[in-house]
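A short write-up of the structure that comes next.
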Amino acid sequence: MNTPEQNYKELQELALNEGMPLFGVADIAPARDRFLLPEPLRARMRAGISIGYRLAGAVLSTIEGAPNQFYYFHYQRPTSCLTAPRSS
């Protein structure tokens with residue numbers, strides 16, 4: 001069984017190799033009682049993983065009050081990377 005540090009490094013490497021330059025892990029114990037999940041499942045959760053894809057500043061600068069079509073178009077790339085099934 002891997003240590004938490006080994007798991008972190010393995011997940012971080014996977015995220016970076018998949019083009020996700022932003023990666024982090026956090027202790028979710030203080031907030032998990034607010035998750036809308038069955039208690040047995042919540043009780044087993046110890047950490048949350050956050051990964052992100054950097055969007056171009058030019059895209060973000062076009063947003064005024066709410067996302068627009070330009071942002072939506074560029075947002076599809078990272079969304080597809082995060083949700084695409086992986087082949088082994």
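The values are calculated or read from the model by the stated rules, or taken from the named source; none is laboratory data. What you see is a predicted model; the values in this text were computed from it and never measured. Counting neighbours? That spans all protein chains shown, and the Cβs are built from the backbone with ideal geometry, glycine included.
Numbers below:
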| item | result |
| --- | --- |
| Leading residue by the ranking (surrounded by the most Cβ atoms within 10 Å (Cβ to Cβ)) among those in the stretch 5-15 that are at pLDDT 90 or above and not polar (S, T, N, Q) | Y8 |
| Selected residue (criterion: modelled with the lowest pLDDT) from residues of the stretch 44-73 that are surrounded by fewer than 10 Cβ atoms within 10 Å (Cβ to Cβ) and in a helix (DSSP H, G or I) | G57 |
| Matching entry among L60, L22 (being touching a strand residue (DSSP E or B) at 6+ places or on another chain (Cβ under 8 Å) and of a type outside the set (D, E)) | L22 |
| Qualifying residue in the stretch 2-11 (condition: touching a strand residue (DSSP E or B) at 6+ places or on another chain (Cβ under 7 Å), outside any strand (DSSP E or B) and not small (G, A, S)) | yes |
| L41 being of a type in the set (A, V, I, L, M, F, W, C), in the same structural domain as T3 (by TED's automatic domain parsing), under 23 Å from T3 (Cα atoms) and surrounded by fewer than 11 Cβ atoms within 10 Å (Cβ to Cβ) | yes |
